[in-house]
Amino acid sequence: MAGSWICIHGHFYQPPRENPWLELIEMEDSSAPYHDWNERICAECYGPNAHARIVESSGRVKRMINNYAWISFNFGPTLLSWLERHAPKVLSSIQEADRASLERCQGHGNAIAQAYNHTILPLASRRDKSLQVEWGIEAFAYYFKRMPEGMWLPETAADVETLEVLAEQGIRFTVLSPSQALRVKPPYQGWISVTPASLDTRRAYECRLPSGREIALFFYDGEVAQEVAFQRLLTSGEDFFQRVMSRFDSGTGPQLVHIATDGETYGHHHRFGEMALAYLIKRAEENPHVRMTNYGEFLSLEPPAWEAEIHEKRSWSCAHGVERWRSNCGCRVSGPELQQKWRAPLRRALDDLKGKLDRILEVEGQRVFQDPWAAFRGYVRVLLDRKEETLQAYLNRFARQPLTETDASLAAKLMEMERHGQLMFTSCAWFFDEISGVEAVQILRLAARAIQLAELYFGVSLEEDFLEVLEQAPSNLPEIRDGRRLWEKEVRPAVTSLERVLAHFTISSIFRKDLPSHVGLSYSLKESGSVICEAGNSHLAVGAAEVFSKRTLQRGNYVYAVIHFDGLDLQFFWRPFTGSGDYETLKKDLVRTFEEGSLGDLYQELLRYFHKPTHRLSDLFRDEQRRIIQTVLSERLSEYQALGDQLFDHDSALLKRLGALRYPIPAPMKMVAQFSTESRMRKILEEMQGEEDLEALSTLAAQARSWGYRPDPAQWERYLVVALEQRMETLRTSDRVLSEMRKAELILSAARILELSLNLWRVQNAFIEVCRSRLPIFEVFKEEVQSFASTLYLDTEALPLSLR
């Protein structure tokens with residue numbers, strides 16, 4: 001097959017899940033055992049694709065492949081930002097893969113850009129289309145240190161105006177679904193109408209635009225893409241390779257067989273999908289008749305001879321064009337019992353709000369910017385590099401004149417308001433079936449942040465008009481009812497002020513001595529003369545503090561007090577700081593009353609100074625709230641533990657007998673026995689030193705099995721893998737190499753005793769990294785290192801050359 005090329009494209013993306021005020025993702029219980037879904041998907045997909053395994057028949061890892069070095073891919077800019085902060089090693093592997101592909105593919109990198117925050121571009125104004133593309137290009141250049149040749153369109157949604165914007169900004173190509181092709185034109189012939197079945201996807205097409213510009217279009221192989229994404233093609237790497245090869249024919253001309261799917265398909269949607277992809281890469285690498293390429297290289301080698309025109313406003317995930325993002329079109333994830341009548345009012349409410357935000361920018365922006373819209377286009381550089389000096393350079397460039405602190409804050413508020421106005425059109429909110437889903441709630445919170453900035457600082461009332469439209473968005477859930485009720489239940493309580501940030505910080509300070517002087521990425525605090533008093537289980541915190549928003553440059557100076565009665569009963573008070581003399585008098589009176597009077601006396605004194613409490617534990621941000629609850633509960637849990645151990649020891653023989661008789665263990669007994677068993681197992685694992693501990697664990701596990709207990713796989717696998725990762729970290733610096741490897745082997749033995757199958761991906765990666773970084777030391781223990789690698793299911797070929 002002369003001129004046979006394979007290109008696999010992965011669209012890697014997650015919606016921005018960050019709390020709009022903190023700019024950090026709060027704990028998401030549904031992602032357990034991980035902190036949030038970004039972290040979970042990174043562990044299941046983004047990381048594994050950087051070290052995808054080729055496994056031999058014995059199950060041992062023979063080779064690792066960085067899939068990103070061989071496939072075409074795009075990462076959403078907001079996801080790249082998250083990776084930069086939370087998974088820098090994964091981001092580094094992605095960037096290194098792009099650099100490697102530049103060398104392999106004649107100067108054409110695998111990475112392509114993406115429109116900034118996954119807005120459905122055909123539904124956006126021309127100005128917003130241009131901004132989304134421009135910001136996507138800027139983000140790409142920031143992370144990959146080069147300009148992009150291609151750009152991925154969110155949901156591949158396109159119209160001619162969108163293609164014009166791409167071409168205008170120097171984008172050479174984009175990738176579309178075969179259903180988006182309207183007609184094609186062979187060289188020197190007339191136009192031919194096409195369907196997905198009749199379209200030849202194995203070539204590039206030129207699209208000539210009304211402006212006279214051109215852009216190349218690649219229509220991916222929809223049939224194979226569907227099999228990869230939604231069927232079970234990835235269960236066999238060989239089947240995957242053969243299916244791709246079957247799409248070539250016996251023609252003599254160059255052919256590009258290419259597919260495009262969500263990148264998360266490889267490892268998150270389909271477990272071990274990254275291994276099937278790595279196997280395809282290996283097979284293609286070994287086959288002299290085909291070659292892995294990317295779109296840029298293929299385009300340079302085989303410029304399009306055919307032309308194509310597209311259907312207006314179509315996408316890859318809606319059978320009705322782009323109606324999924326604005327109407328009750330019938331496209332859904334769940335069954336037909338769920339309606340999407342809420343989609344149109346949600347779109348209308350946000351469109352109306354966006355128009356008002358734009359007008360505020362245009363009017364208020366004239367006070368501080370030479371050109372408000374030019375300033376907003378340039379704001380992406382601040383978003384990419386949140387340093388103070390970057391913001392100052394930005395203001396110096398776009399401001400009408402040198403700005404006072406007040407004017408600089410005004411400028412920052414305008415930019416943040418309009419930024420949230422862009423983010424609230426992230427497409428995921430409309431994709432699913434219910435308005436109260438986390439995706440829709442997230443964009444409503446983004447809208448709430450934009451509304452808050454407009455109302456607080458520019459005196460424009462926007463919320464009620466917004467809610468009048470949102471009220472017309474019916475929920476599928478009776479308890480939610482409609483969009484207004486959803487707003488009141490899930491959105492308005494999330495709105496954050498400087499006072500709430502202060503409450504979060506000061507309540508936390510009672511329970512933590514190591515509290516950092518910042519809250520999230522957006523706020524910093526500077527305390528002055530604070531004091532915390534303690535009496536039994538009660539506390540009083542009194543202080544003065546400045547809260548500073550690093551995003552809007554707003555400051556607030558406050559006097560505060562927190563009374564902690566006991567347990568989880570806390571109340572926070574605040575008032576503006578009016579001078580050090582008043583503050584010192586207040587502090588002295590409150591401390592004296594706490595030390596000499598009753599809590600009732602103290603509460604009356606607090607009411608005299610502050611009038612009323614404003615925040616409680618429920619107002620803290622989720623992660624810190626959970627941490628405080630765990631702290632408060634720890635003593636009570638110790639008491640439960642002691643009582644549970646006593647009951648378990650008393651009934652252990654009875655439990656064993658009941659198990660032997662196959663009599664169902666009564667629920668209260670089983671619950672206590674499980675609680676006690678798991679705590680004892682954890683203690684053994686934490687203190688494990690040798691074979692005696694394994695024997696104790698084995699005895700305990702056998703005893704538990706006799707009455708029907710099995711460890712929860714997800715919970716215990718995560719626990720043991722984390723323990724192994726800690727051993728690998730110790731191995732990086734410890735002089736006791738053999739001892740640390742032995743401790744890790746004990747953990748692996750414990751997993752076998754508990755009948756758990758561990759995902760050793762990160763542990764294997766860490767061990768190979770340690771081998772490379774400590775090669776001279778590890779060469780001394782070559783045989784032991786090889787033996788330990790074998791226990792990690794690593795073939796010696798996966799180790800550095802001198803350790804094989």
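Return a whole-number percent for the relative contact order of the chain, with Cα pairs under 8 Å and 6 or more residues apart as the contact set. Let's see the in-between values first.
Details: 1292 pairs, mean separation 88.1, N = 804.
For the chain, the relative contact order is 11 percent.
Net charge within 13 Å of LEU234 by Cβ-Cβ distance, Lys/Arg positive one each and Asp/Glu negative one each, not counting LEU234 itself?
On the way: positive: ARG232, ARG243, ARG271; negative: GLU227, GLU238, ASP239, ASP262, GLU264, GLU274.
Neighbourhood net charge equals -3.
Taking a point 7 Å from the Cα of SER618 along the Cα-to-Cβ direction, the residues of region 543-587 with backbone N closer than 18 Å to it are 563-573. By the combined test of axial Cα extent (at least 15 Å) and Kyte-Doolittle hydropathy (mean at least 0.5), the qualifying DSSP H helices of the chain come to 438-458, 498-509, 737-753.
Taking the DSSP bridge list for region 7-165 and keeping only pairs wholly inside it, about 35 percent are antiparallel. Candidates VAL722, SER508, TRP316 compared by Cα position along the dipole of the chain: farthest toward the positive end lies TRP316, with charges placed on Cβ. Only Lys, Arg, Asp and Glu carry charge here, each on its Cβ (+1 for the first two, -1 for the last two); on that basis region 602-658 has a dipole of about 260 debye about its Cα centre.
Of all DSSP beta bridges confined to the chain, the antiparallel ones make up roughly 65%. Taking Cα centre as origin and charging only the Cβ of basic (Lys, Arg, +1) and acidic (Asp, Glu, -1) residues, the dipole magnitude of region 394-452 rounds to 280 debye.
Peptides 226-234, 673-681, 732-740, 14-22 ordered by packing proxy, namely the average of other Cβ atoms within 10 Å per residue, highest first: 14-22, 673-681, 226-234, 732-740. Protection proxy ranking, highest mean first, for peptides 343-353, 495-505: 495-505, 343-353, where packing is the per-residue count of other beta-carbon atoms within 10 Å, averaged. Over 28 Å apart at the Cα level, from the set LYS313/LYS354; LYS89/LYS683; LYS145/LYS354; LYS656/LYS683, are LYS89/LYS683; LYS145/LYS354. For region 720-804, the normalised intensity computed at q = 0.16, 0.20 Å⁻¹ comes to -0.54, -0.86 (log10 of I(q)/I(0), Debye sum over alpha carbons, equal scatterers, no solvent). Annotation: peptides 600-612, 432-444, ranked by per-residue average of other Cβ atoms within 10 Å with the highest first, follow the order 432-444, 600-612.
Excluding ASP795 itself, what net charge comes from residues whose Cβ is under 13 Å from its Cβ, given Lys and Arg +1 and Asp and Glu -1? Display every interim value, and only then the final one.
Values: positive: ARG53, ARG60, LYS62, ARG63, ARG804; negative: GLU56, GLU797.
Computed value for this residue: +3.
Compared with the alpha-carbon gap, the fully stretched path from ASP514 to GLU639 is longer by 42.3 nm at 0.36 nm per residue.
Legend: P(r) of the chain from all alpha carbon pair distances, 20 Å bins from 0, whole percents, reading 13, 39, 37, 11, 1. A cut-off of 5 Å between modelled amide H atoms, ignoring neighbours fewer than 5 places along the same chain, links GLU307 with LYS185, GLU206. From the residues VAL491, GLN189, ALA766, which one has its Cα farthest along the dipole of the chain in the positive direction, the dipole being from +1 and -1 charges on Cβ of Lys/Arg and Asp/Glu about the Cα centre? Of the options given, the answer is GLN189. By its C-alpha gyration tensor, with a ≥ b ≥ c as the square roots of the eigenvalues, how is region 291-359 shaped: rounded for a/c under 1.5, else prolate for a/b larger than b/c, else oblate? It is prolate, given that a/c is not under 1.5 and a/b is the larger ratio.
Here the chain is treated with +1 on each Lys and Arg Cβ and -1 on each Asp and Glu Cβ, and its dipole about the Cα centre works out to around 820 debye. Each of PRO664, GLY690, LEU637 was placed along the dipole of region 573-696 (beta-carbon charges, centred on the mean Cα), and the one lying farthest toward the positive end is PRO664. Taking every DSSP helix (H) stretch of at least 4 residues in the chain, weighting each as -39,500 (n - 2.57) and dividing the sum by the residue count yields a mean residue ellipticity at 222 nm of -15000 deg cm²/dmol. In the neighborhood of CYS318, defined by Cβ-to-Cβ distances under 12 Å, what is the net charge if each Lys or Arg adds +1 and each Asp or Glu adds -1? Residues near CYS318 contribute +4 overall.
A short reminder: the numbers here are calculations on the coordinates, not readings from a lab. In this text, all values refer to a predicted model and were calculated from it rather than measured experimentally. Methodologically, a virtual Cβ is constructed for each residue, glycine included, from the backbone with ideal geometry; neighbour enumeration extends over all protein chains shown.
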